[in-house]
1. Which numbered condition in (1) touching a Gly at 6+ places or on another chain (Cβ under 7 Å); (2) free of Cβ contacts under 8 Å to residues at least 60 places away in the same chain; (3) more than 25 Å from G32 (Cβ to Cβ); (4) not aliphatic (A, V, I, L, M) is the only one that E170 fails?
2. Whether any residue in segment 145-154 is part of a helix (DSSP H, G or I) and near the ligand (Cβ under 9 Å from one of its atoms) is what I want to check.
3. Among the polar types (S, T, N, Q), surrounded by 20 or more Cβ atoms within 10 Å (Cβ to Cβ) and within 15 Å of the ligand (Cβ to nearest atom): does that describe S61?
4. Return the only residue of T193, T188 being surrounded by fewer than 18 Cβ atoms within 10 Å (Cβ to Cβ) and of a type outside the set (K, R).
5. Being assigned to a helix (DSSP H, G or I) and near the ligand (Cβ under 7 Å from one of its atoms) is the filter here; which residues of segment 183-198 pass it?
6. Yes or no: S180 surrounded by 22 or more Cβ atoms within 10 Å (Cβ to Cβ), assigned to a strand (DSSP E or B), away from the ligand (no atom under 14 Å from the Cβ) and touching a residue at least 12 places away in the same chain (Cβ under 8 Å)?
7. From F80, F158, grab the single residue that is crowded, with 17+ Cβ neighbours inside 10 Å, touching a helix residue (DSSP H, G or I) at 6+ places or on another chain (Cβ under 6 Å) and in contact (Cβ under 8 Å) with a residue 12 or more places away in the chain.
8. Which residues, counting only those in segment 1-58, are in contact (Cβ under 8 Å) with a residue 60 or more places away in the chain, charged (D, E, K, R) and within 16 Å of the ligand (Cβ to nearest atom)?
Amino acid sequence: MPNDNVQWAVLTGASRGIGKETAKMLAAKGFGIILLARSQKALSVLSEEIREQGGKSHYLSIDLSKEEEIADAQSFFASFGGKIGLLVHNAGIVKVGAVANMDPADWQTMQDVNVRAPFLLTRLLLPLLARPSQIIFINSVAGLRTFAEWGAYSVSKFGLKALADTLRQEVAAEGIRITSIFPASVDTPLQDTLPYNWERKNMLRPVDVARAVSYCAEQPAHVLINEVHLENNAGIF
Ligand SMILES: NC(=O)c1ccc[n+]([C@@H]2O[C@H](COP(=O)([O-])OP(=O)(O)OC[C@H]3O[C@@H](n4cnc5c(N)ncnc54)[C@H](OP(=O)(O)O)[C@@H]3O)[C@@H](O)[C@H]2O)c1
């Protein structure tokens with residue numbers, strides 16, 4: 001297992017979309033990347049690509065909606081020997097629908113992946129993180145305001161903001177910085193799952209969010225960036 005001077009970054013939702021782009025950018029900046037998602041194939045291809053470019057990468061196939069899978073990952077993370085300096089909570093899912101029609105199972109899965117998993121993973125990793133270190137939460141404009149049919153997602157993302165804001169107060173003295181990034185719509189595979197016909201060309205690109213993550217990650221330990229708001233020209237979304 002890793003035993004060198006590289007600083008490692010744990011990145012969830014790394015198999016596609018914003019996560020994949022962020023992984024490539026952070027690797028190019030010199031971070032070793034620990035890629036997390038369910039799709040083993042996509043992770044192994046990306047990991048290989050990062051290594052071929054001269055970067056360092058490991059991956060873990062994990063279903064973040066399952067508490068026992070997160071708990072089981074403890075020894076995997078511990079094997080990085082306290083050299084994890086960045087944790088990016090990026091994995092997220094959306095299923096839209098009016099409150100009146102929302103399937104309670106879909107509601108629950110969104111809470112499990114979007115806010116419970118970041119809580120569980122943070123709790124697991126806090127004792128293993130380097131000092132100083134940094135935790136970045138990929139939130140959403142829907143974590144700041146509500147939209148019809150986006151209730152379940154907004155509940156999870158408002159909760160994610162509350163988690164980040166609370167954590168910031170609890171760990172600042174230990175030298176752990178907490179950032180929430182709130183993008184408007186981003187042209188990723190997530191958009192393919194939505195029942196809307198939105199114009200994609202004015203949306204943010206995954207690389208725009210990756211750049212924001214990378215900018216935050218490169219700041220020295222005395223610079224605090226609590227929030228980044230990324231808007232676009234596509235309208236509200
Ligand atoms: N796209 C947008 O318009 C937009 C706007 C604002 C904020 N965001 C936020 O940005 C983040 C990334 O979104 P994206 O647009 O890049 O989405 P995406 O293309 O659908 O990618 C989602 C990622 O999350 C992972 N994931 C989903 N369920 C998981 C689970 N149960 N366990 C582990 N990993 C899981 C997926 O990997 P596997 O399927 O392989 O598990 C995938 O890597 C999300 O938090 C999203 O809410 C997106």
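Since every read-out is calculated from the coordinates, none of them should be taken as a lab result. Here the structure is a predicted model, which is why all the values come from computation and not from measurement. Backbone-built Cβ (ideal geometry, glycine too); neighbour counts: all protein chains shown.
1. (1)
2. Step one: of segment 145-154, the residues part of a helix (DSSP H, G or I) are 151-154.
Adding the requirement that they be near the ligand (Cβ under 9 Å from one of its atoms) leaves 153.
Yes; the residues of segment 145-154 include at least one that is part of a helix (DSSP H, G or I) and near the ligand (Cβ under 9 Å from one of its atoms).
3. Numbers: among the polar types (S, T, N, Q): yes; surrounded by 20 or more Cβ atoms within 10 Å (Cβ to Cβ): no; within 15 Å of the ligand (Cβ to nearest atom): yes.
Against the criterion (among the polar types (S, T, N, Q), surrounded by 20 or more Cβ atoms within 10 Å (Cβ to Cβ) and within 15 Å of the ligand (Cβ to nearest atom)), S61 does not qualify.
4. Values: T188 fails: surrounded by fewer than 18 Cβ atoms within 10 Å (Cβ to Cβ).
Every option except T193 fails the conditions.
5. In the first step, residues of segment 183-198 are kept if they are assigned to a helix (DSSP H, G or I); the result is 189-192.
Correct list: P189, L190, Q191.
6. Values: surrounded by 22 or more Cβ atoms within 10 Å (Cβ to Cβ): yes; assigned to a strand (DSSP E or B): yes; away from the ligand (no atom under 14 Å from the Cβ): no; touching a residue at least 12 places away in the same chain (Cβ under 8 Å): yes.
The answer is no for S180.
7. On the way: F80 fails: touching a helix residue (DSSP H, G or I) at 6+ places or on another chain (Cβ under 6 Å).
Result: F158 is the single residue among F80, F158 that is crowded, with 17+ Cβ neighbours inside 10 Å, touching a helix residue (DSSP H, G or I) at 6+ places or on another chain (Cβ under 6 Å) and in contact (Cβ under 8 Å) with a residue 12 or more places away in the chain.
8. If the condition is that a residue be in contact (Cβ under 8 Å) with a residue 60 or more places away in the chain, charged (D, E, K, R) and within 16 Å of the ligand (Cβ to nearest atom), then R16, K20, E21, K24 are the ones that fit.
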